[in-house]
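Notes follow once the structure below has been shown.
Values quoted throughout were computed directly from the atomic coordinates according to the rules given, and no laboratory measurement underlies them. Note that the coordinates shown come from a computational prediction; the quantities given were computed from them, not determined experimentally. Please note: Cβ atoms are built from the backbone with ideal geometry, for glycine as well, and neighbour counts cover all protein chains shown.
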Amino acid sequence: MSLDLDMSSYIVVAVVASVAAYGVLLYNNLVALKHGVARAWSNIDVLLKQRHDELPKLVEACRQYMRYEQETLERVMQARSAVSAARTRTDVAALGSAETQLRTGLMQLFAVVEAYPELKASENFQHLQARITGLENDIADRRELYNETVNLNNVRVEQFPDVVVARLFAFQAFPLLEFTAEERANPDLRALFS
């Protein structure tokens, strides 16, 4: 009889230990995903900051040649400010809209540059244009990684049994960095050149 009691106690202890170990494993996986989202956002943030620092140099290089294109330059700087504000607030939705404005402004700027051969030939301008274009490509890559990481996190905090641990320890879903259909549409190139 005491052997049966000892055996059932061992079984109960083993089951409780297994459930606890599984709960710890789920918790640790959710923590890793949460920090993965933060790291992915940080990678985007670093690139946005680098681009933020390069844009005034580009605008200044253009300003020296483009005396009559101040409106285009101002649009780029306003969009730069909107991206910076959204980045500072970690407002993913506002960042998507501001990024679209900035991308459109840069496309307009690069289109206008075509009318200024001296500027287009300037080594400083070429370097800044290449640097900003490279940063744009890197931001697009990091945005993809961020969205993938956010998606993994969001799936895990909603699926069973992870949802139990997620709710118990207040793990949350994160917003994807998305663009509206209007923001994804190709800009009207005729308008850029008119």
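Here are some notes:
- A helix-only calculation puts the chain at -29000 deg cm²/dmol for mean residue ellipticity at 222 nm, using -39500 (n - 2.57) for each DSSP H run of at least four residues, averaged over all residues.
- The long axis of helix 123-158 is offset from the longest Cα principal axis of the chain by roughly 20 degrees.
- For the chain, the fraction of C-alpha pairs farther apart than 28 angstrom is 45 percent.
- Sorting Val163, Val12 by the number of Cβ atoms found within 10 Å of their own Cβ, with the fewest placed first, yields Val12, Val163.
- The chain: angle of helix 2-65 to the longest principal axis, Cα-based, in degrees nearest 10: 10
- A simple count of charges around Glu54, restricted to other residues whose Cβ falls under 14 Å of its Cβ and scoring Lys, Arg +1 and Asp, Glu -1, yields +1.
- Taking Cα atoms only, the orientation of helix 92-113 departs from the longest principal axis of the chain by about 30 degrees.
- Neighbour-limited loop hits for GluC sites (Glu not before Pro), region 50-129 (at most 12 other Cβ within 10 Å; DSSP other than H, G, I, E, B): Glu114
- Result for the chain in a Gaussian network model with C-alpha springs under 10 Å: among Val76, Val31, Val15, the largest mean-square fluctuation is at Val15.
- Most fluctuating residue given options Phe125, Phe171, Phe160, as computed from a GNM of the chain linking Cα atoms under 10 Å: Phe160
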